[in-house]
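The values are calculated or read from the model by the stated rules, or taken from the named source; none is laboratory data. All values derive from a computational prediction rather than experimental measurement. Note: ideal-geometry Cβ built from the backbone for every residue, glycine included; neighbour counts use all protein chains shown. The protein model used for the area step is the full one, side chains on, heavy atoms only, and it has no ligands, DNA or RNA in it. Shrake-Rupley method; radii C 1.70, N 1.55, O 1.52, S 1.80 Å.
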Amino acid sequence: MPIVKAGAFDVDYTDIGSGPTVLLVHSSASGNRQWRRLADELKDRHRLIAVNLFGYGATAAWPAEQTQTLADQARLVAAAASVVDGPITLVGHSMGGAVALESAIALGNRTRLVIVFEPILFYLLKQHGEPEAFAGVVATAKSAIEQAPAAAE
């Protein structure tokens with residue numbers, strides 16, 4: 001897999017096909033392998049770049065002592081986008097959907113189209129005046145994390 005730099009971080013990605021560029025951003029459960037079947041279907045009509053986000057594939061892990069943001073992940077996508085010229089269609093799933101939206105902002109007029117499904121956008125609740133709804137999501141997540149070890153026993 002090719003590697004591109006995003007600041008100090010190595011970013012690994014796949015790059016197949018030819019035609020208009022589609023940059024694929026995976027969910028938190030899979031890595032860029034999530035897109036293999038789609039890439040096989042589209043490679044005759046599109047150039048498909050599937051980035052691995054922090055800690056996936058050969059992409060560097062995020063430093064544990066630092067808080068990570070969507071903008072940090074979007075820098076990885078921008079680095080992968082730098083290997084091609086021209087407009088880019090972004091496709092993202094789940095966490096990758098949120099990263100794709102942030103990347104669209106960072107890429108500006110290079111962004112041709114953004115397609116997201118099941119984007120994780122809970123942080124918007126807090127930013128847009130719904131702190132109780134946001135607190136409910138956080139409480140549910142904490143509860144699930146606390147119960148996970150018990151479920152594994």
- prompt: Taking the stated definitions as given, is Ala79 more than 12 Å from the chain's Cα centre (by Cα), surrounded by 12 or more Cβ atoms within 10 Å (Cβ to Cβ), without any contact (Cβ under 8 Å) to a residue 24 or more places away in the chain and outside any loop (DSSP other than H, G, I, E, B)?
  reply: no
- prompt: All but one of (1) open to solvent by 50 Å² or more (accessible area, probe 1.4 Å); (2) more than 19 Å from Pro2 (Cα to Cα) hold for Asp40; which doesn't?
  reply: (2)
- prompt: Could you say whether any residue in segment 105-118 is outside any strand (DSSP E or B), open to solvent by less than 20 Å² (accessible area, probe 1.4 Å) and over 17 Å from Ala6 (Cβ atoms)?
  reply: no
message: Could you check segment 89-103 and list, in sequence order, the residues that are more than 11 Å from Ser27 (Cβ to Cβ) and either of a type in the set (S, T, N, Q) or open to solvent by 20 Å² or more (accessible area, probe 1.4 Å) (or both)?
response: Thr89, Leu101, Glu102, Ser103
field: Enumeration of residues in segment 122-133 that are open to solvent by 50 Å² or more (accessible area, probe 1.4 Å) and part of a helix (DSSP H, G or I)
entry: Tyr123, Leu124, Leu125, Lys126, Gln127, Pro131, Glu132
- prompt: Which one of these does Leu101 not meet: (1) under 20 Å from Asp15 (Cβ atoms); (2) without any contact (Cβ under 8 Å) to a residue 40 or more places away in the chain?
  reply: (1)
- request: Check whether at least one residue in segment 18-26 is open to solvent by 20 Å² or more (accessible area, probe 1.4 Å) and not in a loop (DSSP other than H, G, I, E, B), and report yes or no.
  value: no
